[in-house]
Structures are given as structure tokens and as C-alpha cells.
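The values are calculated or read from the model by the stated rules, or taken from the named source; none is laboratory data. This is a predicted model, so every value here is computed, not measured. Virtual Cβ from ideal backbone geometry, glycine too; neighbours counted across all protein chains shown.
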Number of protein chains: 2
Amino acid sequence: MAAALKADLKTFAAHGCYGMSVITALTAQNTTGVQDVFPVPPGFVEEQIKSVLDDIEVGAIKTGMLYDADNAKAVVKALSGHFAGMGIPALVCDPVCVSTSGHTLLHPDAVEVVIKELFPLAALVTPNKSEAELLLRYSERKVETEITSLETMLDAAGELLTLGSQAVLLKGGHVTVTLADLASFSDQHSDVRVIRDGLLGENMEILQVEKSSSASDRVVVDVLREKTGDTTVLARPHISTRSTHGTGCTLSAAIASELARGTSMAQAVRAASVYTHLGIEDAPGLGHGNGPLNHLHSLRMACVPAKSPSNPYPLTKMLIESTTAAWKHFVEHEFVRLLGQGVLPAKCFAYFIKQDYIYLKYYARAHGLLAAKSTSYPEIASATQIILNILTEIDTHKTMSAEFGISIEDLENAEEGIETTGYGGYLLTMGLEGDATKLLMAVLACLLGYGEAGLWLKKQATVKGSGIVLEGNPFRRWIEDYSGEAYQEAIRVGLERIEACAEADPPSPARLKDWLNVWKRCTELEAGFWDAAMKFGS
Amino acid sequence: MAAALKADLKTFAAHGCYGMSVITALTAQNTTGVQDVFPVPPGFVEEQIKSVLDDIEVGAIKTGMLYDADNAKAVVKALSGHFAGMGIPALVCDPVCVSTSGHTLLHPDAVEVVIKELFPLAALVTPNKSEAELLLRYSERKVETEITSLETMLDAAGELLTLGSQAVLLKGGHVTVTLADLASFSDQHSDVRVIRDGLLGENMEILQVEKSSSASDRVVVDVLREKTGDTTVLARPHISTRSTHGTGCTLSAAIASELARGTSMAQAVRAASVYTHLGIEDAPGLGHGNGPLNHLHSLRMACVPAKSPSNPYPLTKMLIESTTAAWKHFVEHEFVRLLGQGVLPAKCFAYFIKQDYIYLKYYARAHGLLAAKSTSYPEIASATQIILNILTEIDTHKTMSAEFGISIEDLENAEEGIETTGYGGYLLTMGLEGDATKLLMAVLACLLGYGEAGLWLKKQATVKGSGIVLEGNPFRRWIEDYSGEAYQEAIRVGLERIEACAEADPPSPARLKDWLNVWKRCTELEAGFWDAAMKFGS
């Protein structure tokens, strides 16, 4: 049954369950109705069930259209056979009898099989008003009833419960009930638990929009009766819509999914009702008749792929790939190349080292701010460790500077370049503007870029004709430092932290876009920093 | 075909497309193989296609297992008939011939029908190695070839392109190709576009983990040849896995989804390859044989339901529902009730009004910080407007205080209560810690709570026996202010803003939890504020 099967499978998937399907009958149908039905031979129904049950352990089962007595018997036989002596997983039986458009989907002679043989295996049976009336009429006691109110729903559900299942959910989508009816029912049945989902509760006056909801407003109620004696009424707002194709299948599939995950019956029914309600509200409005609902309403596209063996740093990879040209311009900057060739003018290096000495003050302060924005000790420790690393790094700067004839006083008294001011200010602004992750995004380009430049030089030094040399290079220490183990380990720690942030708190598309912007801007500010060294140093 | 159909439908859904299905044959199968096949009569295949096409406009079509010549002809006939004279939507033909487990899924006599009648309708044909070899062997030119390398893939794809489709994607999952092969192929074919997805690009040395990927590493390549003359090679890392059940269906369904959304062929194939690759990497590992992939790998559960007519403020409703008891304790606080009854001791009110005068300074500063954290003019304007509102509110405080014999000096010189320090400090800490939305979350309880308390008192004043009165109540102005239009309009603006934040940048579960904590803490701090008034005022 194509429409129902699709609704089932999408519902299972939306609940994180893996659905397996057995087809009892094919339909030629669309939103306007069922044009034709083609039953599958009972033997092949059994074969399908066998294939499915033999391979993967099943957490719950739901049945939909069974079509005729032979197929209903085939399902009972295959299930009873497979689970003989071991107990059947939670079975939700949606006793599909008639399609929304009025097409008979369960032959009269099959109704008895369903009642006598399938219901006793079922954890739950989920008829709507007309299915309940039909089932009661065909039952041994031949109850003739018309379900028109909450009271009659309660009685009918009680009658249905005597037919053998562990619980009955009588769906009231076609029964007119108002908020006032619900309130008076609730007053008269203190033993019945009434759950209002999607309806405003106490102390929510401020959330009322326009005309306040009045007691004559229509609600939809489902009644759940369990063999344990518990009765629950689930109410939600009535929606005027034509998008109800597959609503019943969706609800029963969602209940089965919840049961498979170990949820209790009442909780499973409640969660499934909310899921189905949201799916109807969010329906795409397809087709000329009763259109389908949106089964993935509760799912959003993830922006960052999951970590995997072939992609251990998915966010960082995405950042770099989003700025290929800017990143390459930074990492393979003329400054870096000349430094690698050992021919960078000393004045350029001197300008750079002085500005970097000033910049690292901002960089340390940014990590102080990061510590202030952190809410766990490991995060505070990690930010603090980086400040300690920076304090070590400036000692290296002092030593290296001395080799180039730059005194500590020169470093301390150097005039701050305007690009240093710009970059430093940007870091602290990101720290003011956003959360800890946004600030991490801002400090990342500097951390990663120097490491990548170091590795690039180290690798180029082995490539003939690159001109990059280590031996005798006055800047060798710079290259060794950034390509060395200590710095690369700091990178590893930084990568793990940023990826952990994205994993623990996956960004929305808007947030990811914001991160990409910060990363790009910092990559540009880094390149600008070296541009300045080339310009003002020569 | 159950397994393929499921893969198709989940793939369509994951791409935001609504899939409709036509079943040509049923299978009894699981991850270990296909146990049996039951073909659907050709007439019923046609009927299903008619039902589907007659109702909903179709953006793209894909075919899977066609089983035999009669069903293949039925598909061609129904499609040609329906789209006669109007052009067929993008048709992706996945020429399923043999299952992963070796079961024949396309009878030999059907191959000719597929080639001669279906391929000419197709935008794309997507054979794997063995299907391509079989198709070429059965084609008019009876080409005998063995596909063993990138070069032979390129040639075979070219041959297949002469059979009539607009493009051919030859899938190389079963062809052994290394990174070195790819590099040398790329050097020799400068006219072929080579795309490396999931492989590390230039300047990504820092992202290498453990042993660096070597030239002998295996990659998976697909070759896309188009009638336009364009050729694209798509390479990605090889994954050692058994979870490949339905990989081909998934890929072709993903391509069809992309084409339905108007993506170009090469882009559609690239995106679909990445989607399928991630699905394999994220496979749940089910079954005893070749298990299915995860089709919803790119989807995450949304925490906040979408805005809907019955739920216009979903996030705020969720916040209030998450703290029902604390919220009620705050809104219906003893302080509020006594105030509504006009019997609140003047000393309590005096303590409250002085502390509130101090608190509003923090509240204004928090909105100054909010302005500093805002990145758009409307956000800056909104934060600033609230500061202006507060400045008006303290004028009201001064007037109201005067009525209770509290001078402006008394207000200015009042000693700050420790709960005022706690609450004010919490607001500014949230502003330091998080982004603008987190700060908004912190200022929300105050904004909403006073409005809800005002409305509650106004409503209670109409309830007999509540004791709440407006007439002659010395605190009437307080009640009128917070239940009045101006304040309620400010609430409306605040609600719209917070909901807009959650809609534009939907929170992850971790972020929502953080928001709920902030909301709860502020609700408690609000109640504590009134507790203090009751305690220190009496």
C-alpha cells in the first residue's frame, strides 16, 4: 500500500528507527482517492515477513491495510510462527478498513480474522470513529453504537478493549468536541487523565493572539484505554485542513517507533499525537485531494557533516574550503616564501616581529576573555594554557629579535601599526559580540595558519627548485618552531576543541554562515598583517 | 521492490522532495540477499503510474528495478503517453540488473527494451561496472569490454552515451583506483574536470591524522559523461564497509531530487555523491549481510517546533511549560496577590519599589550591552527603545513612590539588596558569557512576568471571591500599567524578537537547554525579588 507505506517509513526514519516493510496489497492511488487495489498472494506476504524477521531484530511492529482474510491470516501465521515461545515485540494494529476517500481496504470476511486472531497479539489497536463502529458491529457481542461525543468515545473504547488487545486508542478526529465539553468531561471523570497538547495552559495570557480562544472552540480528542485500568484523554487544537492523507498510518507508525525505543504506552501515544499534529500543521499542501502531511517537520538539515574516519575535522575542513584562495594567499604569502628562502629583508622581519609582539598582547587578552566566557573548568584551563603558551612565545620573540639586533626596548616601544590595531580590535569585538565559540572561530586562523605555513615551508624545503632551504637559513628557527611538535600539538588541541564545540552544539545555517565570515575575515587580516610587513619593512 | 523503494523515499524526503512510488515487482529480501521476487502485472504498473502522474506535478523521475520486458514496456508506455507532446521531466534511469547479492533483477529480454526505449527518454543513466559491461554487451554494437581502470571507465562511459541518454554516470565502486592513478589520469586529461570530495586539498597539512595519506591509497571514482561534451571525474575516499545495501538507488534518487530542484547535472551528481558517501560512513550497521546506509545522516531533530496558527510563540510556550511551577509561583506570588487585594503592607511595597529602581539600572545596562552585541540597526534600535522605556518607567516609579511618601532622595540613596545584586549581576554575566540571544533570554522573564501578573490580576478582579479589586485599590496604577496596552505591546515586540531569533538561528539541543536554564534561573530570581520585599518590608 504505497501511500501508507511511505508515511510509515518516513515516520520510522524521523524517529531514528529503521523501518522494514511487508506489502500485503498494492494500490493505484493519489490524493483524490484509491483507483484500484492489487492484493499480494498470501504466500508471498509470508515470505516477505520471513525475510524481514530472519535478519534484523525487531523492536516493534505495526500492521496497516491487510485487505482480505487470507492475507490477514498469513500475517497472523507468520508472526505467531516466528515469535512462538519468545513473546512478540510491541504490535500496533491500525485496523485500516476504509480509505479517507471511501474505498474498502478490509474485506468484511477479514474483520473477524483481525478481531479474533490479530487483536489478541496486539499491544495497541488504533481505530477511528467509523472503524470502531464497524469493529464493534462485527464483534461477537454485535454492539451497535454511534460515536458522537467524549462520553460515547469512552464507552466504545472500553468495549473495544474487551476484544483482546492490551490497549485501545480510539481516535476522535471525526467527533465534534469543544473546549467546554472537555472541561465538563474532565470535571466528571476525575480518574481520567486529560492531557492538553498545543493548547495554552495556565499563566499564558500573554501568548493569546487576537480573539481569545473561547469555550466553543473545537478540539480533537483521542481516548486511550489500557488493560491496566488507566484511561487518558489527549486533546489538541482542531486544524482545518485537507492534508490528512496517511494521518492514521503516521500516528500508528509513530507510536510503534516510540514503543520500539522503550517509551511507555501513554507517553508513546502522546508523543506520537504531537508528532502527527505538527506534521499536519506543516503539510506541504500537495495534490488535488487530501494531501500528505510533512513527516520530517521536526528535522532540519545539518550544516556540518559528522566526524568520520575520512573526515576527522569536518568543520575546519569546511572553513578552509570556504576560503581556498584567501587561505592559500595567507599560508603561502610572499613574506613566508622569502622567509623560507632565507632572503626576507631584515627590516621586513623586524617590522613583523615588533607588530607580532604587540598583536600577541591582543591574542592573549582574547583568550582571557575566552576564559571569562567559559562555563567549565576544562574550557577555562584550555584558554589559560594558551595564554601561558603566548607568554612563552614572546620570550622566543625576544630571543629571535636579539639575533636580528632588536632590543627588548625596541619591542616594548614599537609603534602599533594600524593593521595590528584592526586585527586586535576585531578579536576583542568578536569576544564582545558572540559566545565562546564565535571567539574561538576568531582566534583560529592565527593558530592554524602559522602551523600550516610552517609545514608548507618544511615540505617545500624537500622539493627541488622551490628555493626553500633550512640549512643556513637565518629564519630556520621560525620554521622549526611552527612546524615543530609543540606547536603542532597546540594546533591539535585547538582543532579538537573547535570540532567538539560544533559537535556538542551543531550550528544552524545562519550560525555557520556567521562562523565562516569570522574565519574569512581573520584569514584576510592575517594576510594583511604580512602585507604590512612587506610594505613598511622595505 | 522494498529495499530500493525505501532507500528512494527516504532520500527524496531527506532532500525536501515529496516522493511518489510505483511498484513493478515485490521482493522478499533482507541484508543477506533476495529470497524471492514477485512481479506486478504490467497493467497494474500502468495504473499506478497514471494515478501518480494525474494528481501531483512531477519534478523528476527515477526508475529502479523493472524486472521483465513487459513491465519495462509498461513503464515506457505510461510515461510516453502521459508526457506526449509536453516533454518529460528529468528522468534518471538506474539500470538495476543484478542485486548486490547476485539475484537477477532484470530479465535478459528486458535489457533490450531498457536500452532501446527507456534510455532515449533519460536525462541520465547510472550503471555500475557490471551493469555497464552487461549493457554494452547487449547493445547493438555488442561491445565486449572489461572495466578495470579510470581509462576503461572513460571509454565505456563514452560508448554508453551513444545509446541515447543525455548523460551517463558510470559508477566505479568496484574498480580499483589509487590516488596516484587519479593524479596521472588528471595530468593526461586536461579536458576532464576532476573533483575530489572528502579528500584533503591543498594547504591542509594540519588536518592530516596519523599516517599521511599516500599515493597508493584507494579512492572511489565515478565518471560522468554528458552529451554537451563535458566529462567529470568524481573522486572520494574508499570506505571499507558492508553497509552498501541500496547505495545505487540512494545515489540515483539523490540525483533525481537535485535535478527536481533545478540543479545542473554535474552539480546534482556531485551533491548526490557526497550525500551517499556520508550515508555510508554514518550507516547504522544493521543486519547479517550488506546493511543499509543512513539516509537521514544530514538531518537533525529540531528542538523548537515551527510557528503555526495554533502555536504562534513556540519557543516562549516551551520556556513557560518547562518551568510551570516556578512560573506560577512568580506570576501569582503572594506579593502580587496582596497587591491585587490592595492589602500589601506599604513597607513591603516601599522596599520593592526602591529595589526595583536599582534593578532597572542593571536592566537598562543589560540592554546597553545587548545593543553592543547587536549587528543590525533594527536590533540596536530595539535594545535602545527598551532603555528609553525603562527611563520612562523610572519616572512612573518616582511618581508612584511619591504617593507612598518615598522621596526621590530615598530612591537614589536606597541600599542595594543582596537579591538585587544577584539578579543584576546575573543579567550582565549572561551578557558577557553568551551571544545576544542568550542575553535576550535573561531579560525575558522580567518583561513577560510583570505583564502576565498584570493580566492575571485584571482577570482575577472579575472573578467573584478572589478578593482582587481595582476600585479603590492603592496599587491600581501598578495593575493598570502592566496589564495596559503600552506594556502589552512591549511584550508583543519582545516575543516577536525572541521567536525570530529562534527561527533565524534554530538552537541545537544543547543550546536550547542552556536557554531553558537561563529562563528558569531568571524566573526564580524574579520570585526571589518579591520574596525579599515580603521579608524585609514587614
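Of the residues making up region B:1-58, those that are assigned to a helix (DSSP H, G or I), out of contact with any Ser or Thr (no Cβ under 9 Å at 6 or more places or on another chain) and either among the charged types (D, E, K, R) or closer than 22 Å to residue B:288 by Cα (or both) are B:46, B:47, B:50. The listed residues are B:492, B:497, B:521, B:477, and the only one of them that is free of Cβ contacts under 8 Å to residues at least 40 places away in the same chain and either outside any loop (DSSP other than H, G, I, E, B) or of a type outside the set (Gly, Ala, Ser) (or both) turns out to be B:492.
Listed conditions (1) surrounded by fewer than 18 Cβ atoms within 10 Å (Cβ to Cβ); (2) within 20 Å of residue B:324 (Cα to Cα); (3) touching a residue at least 24 places away in the same chain (Cβ under 8 Å) are all met by residue B:459, apart from (3).
Cβ separations smaller than 7 Å between residues 6+ apart or across chains give the following pairs from region B:226-240 residues that are closer than 14 Å to residue B:269 by Cβ and within 14 Å of another protein chain (Cβ to nearest Cβ) to residues that are among the basic types (Lys, Arg) and surrounded by fewer than 19 Cβ atoms within 10 Å (Cβ to Cβ): B:235/B:196. Considering region A:523-538 alone, what residues qualify as being within 14 Å of residue A:325 (Cα to Cα) and in contact with a Cys (Cβ under 7 Å, 6 or more places away or on another chain)? If the condition is that a residue be within 14 Å of residue A:325 (Cα to Cα) and in contact with a Cys (Cβ under 7 Å, 6 or more places away or on another chain), then A:526 is the only one that fits.
Scanning region B:142-163 for residues that are touching a residue at least 12 places away in the same chain (Cβ under 8 Å) and within 14 Å of another protein chain (Cβ to nearest Cβ) turns up nothing. Of the residues examined, residue A:257 is not one that is away from chain B (no Cβ under 13 Å) and touching a strand residue (DSSP E or B) at 6+ places or on another chain (Cβ under 9 Å). In region A:462-480, of all residues being polar (S, T, N, Q) and at pLDDT below 95, the one that is surrounded by the most Cβ atoms within 10 Å (Cβ to Cβ) corresponds to A:466. Going through (1) buried (at least 18 other Cβ atoms within 10 Å of the Cβ); (2) in contact (Cβ under 8 Å) with a residue 24 or more places away in the chain; (3) not β-branched (Val, Ile, Thr) one by one, residue A:294 falls short only on (2). It is to be established whether one or more residues within region B:426-448 are within 12 Å of chain A (Cβ to nearest Cβ), farther than 27 Å from residue A:514 by Cβ and touching a helix residue (DSSP H, G or I) at 6+ places or on another chain (Cβ under 7 Å). For region B:426-448, residues within 12 Å of chain A (Cβ to nearest Cβ), farther than 27 Å from residue A:514 by Cβ and touching a helix residue (DSSP H, G or I) at 6+ places or on another chain (Cβ under 7 Å): present.
Residues in region B:59-75 that are in a strand (DSSP E or B) and at pLDDT 90 or above were compared, and the one that is farthest from residue B:87 (Cα to Cα) is B:63. The residue pairs whose first member lies in region A:308-322 and is within 7 Å of chain B (Cβ to nearest Cβ) and within 17 Å of residue A:447 (Cβ to Cβ), whose second member is of a type in the set (Lys, Arg) and part of a loop (DSSP other than H, G, I, E, B), and whose beta carbons are closer than 9 Å, counting only pairs six or more residues apart or on different chains, are A:313/A:307.
Scanning region A:495-538 for residues that are of a type in the set (S, T, N, Q) and surrounded by fewer than 22 Cβ atoms within 10 Å (Cβ to Cβ) returns A:517, A:538.
Taken over region B:50-71, the criterion of being closer than 18 Å to residue B:6 by Cα and within 11 Å of chain A (Cβ to nearest Cβ) is satisfied by B:52 alone.
The set of residues in region B:327-345 being more than 11 Å from chain A (Cβ to nearest Cβ) and not β-branched (Val, Ile, Thr) consists of B:333, B:334, B:335, B:337, B:338, B:339, B:340, B:341, B:342, B:344, B:345.
The residues on offer are B:263, B:250, and the sole one that is more than 10 Å from every other protein chain (Cβ to nearest Cβ) and touching a Leu at 6+ places or on another chain (Cβ under 7 Å) is B:250. Comparison of A:431, A:425, A:451 shows that the only residue that is part of a helix (DSSP H, G or I) and either within 32 Å of the chain's Cα centre (by Cα) or of a type in the set (D, E, K, R) (or both) is A:431.
Of the listed requirements (1) surrounded by fewer than 18 Cβ atoms within 10 Å (Cβ to Cβ); (2) modelled with pLDDT of 95 or more, residue A:209 misses just one: (2). Considering only residues in region B:344-359 that are out of contact with any Phe, Trp or Tyr (no Cβ under 9 Å at 6 or more places or on another chain) and not hydrophobic (A, V, I, L, M, F, W, C), the one that is farthest from residue B:409 (Cα to Cα) turns out to be B:345. Of all the residues that make up region A:16-30, how many are in contact with a Phe, Trp or Tyr (Cβ under 8 Å, 6 or more places away or on another chain) and either acidic (Asp, Glu) or more than 9 Å from chain B (Cβ to nearest Cβ) (or both)? Result for region A:16-30: 2. The set of residues in region A:155-181 that are over 21 Å from residue A:238 (Cα atoms) and in a loop (DSSP other than H, G, I, E, B) comprises A:162, A:163, A:164, A:165, A:166. For residue A:253, are the conditions met, namely being in contact with a Phe, Trp or Tyr (Cβ under 8 Å, 6 or more places away or on another chain) and crowded, with 23+ Cβ neighbours inside 10 Å? Yes: the conditions hold for residue A:253. When you check residue B:157 against the structure, is it out of contact with any helix residue (DSSP H, G or I) (no Cβ under 7 Å at 6 or more places or on another chain), modelled with pLDDT of 90 or more and surrounded by fewer than 13 Cβ atoms within 10 Å (Cβ to Cβ), yes or no? Against the criterion (out of contact with any helix residue (DSSP H, G or I) (no Cβ under 7 Å at 6 or more places or on another chain), modelled with pLDDT of 90 or more and surrounded by fewer than 13 Cβ atoms within 10 Å (Cβ to Cβ)), residue B:157 does not qualify.
Scanning region B:59-95 for residues that are within 16 Å of residue A:30 (Cβ to Cβ) and crowded, with 17+ Cβ neighbours inside 10 Å yields B:61, B:78. Taken over region B:1-15, the criterion of being touching a Lys or Arg at 6+ places or on another chain (Cβ under 8 Å) and either small (Gly, Ala, Ser) or more than 8 Å from every other protein chain (Cβ to nearest Cβ) (or both) is satisfied by B:8, B:13, B:15.
Restricting to region B:31-49, and then to whatever is modelled with pLDDT under 85 and within 8 Å of chain A (Cβ to nearest Cβ), can you tell me which residue is nearest to residue B:247 (Cα to Cα)? Filtering region B:31-49 for residues that are modelled with pLDDT under 85 and within 8 Å of chain A (Cβ to nearest Cβ), the one nearest to residue B:247 (Cα to Cα) comes out as B:31.
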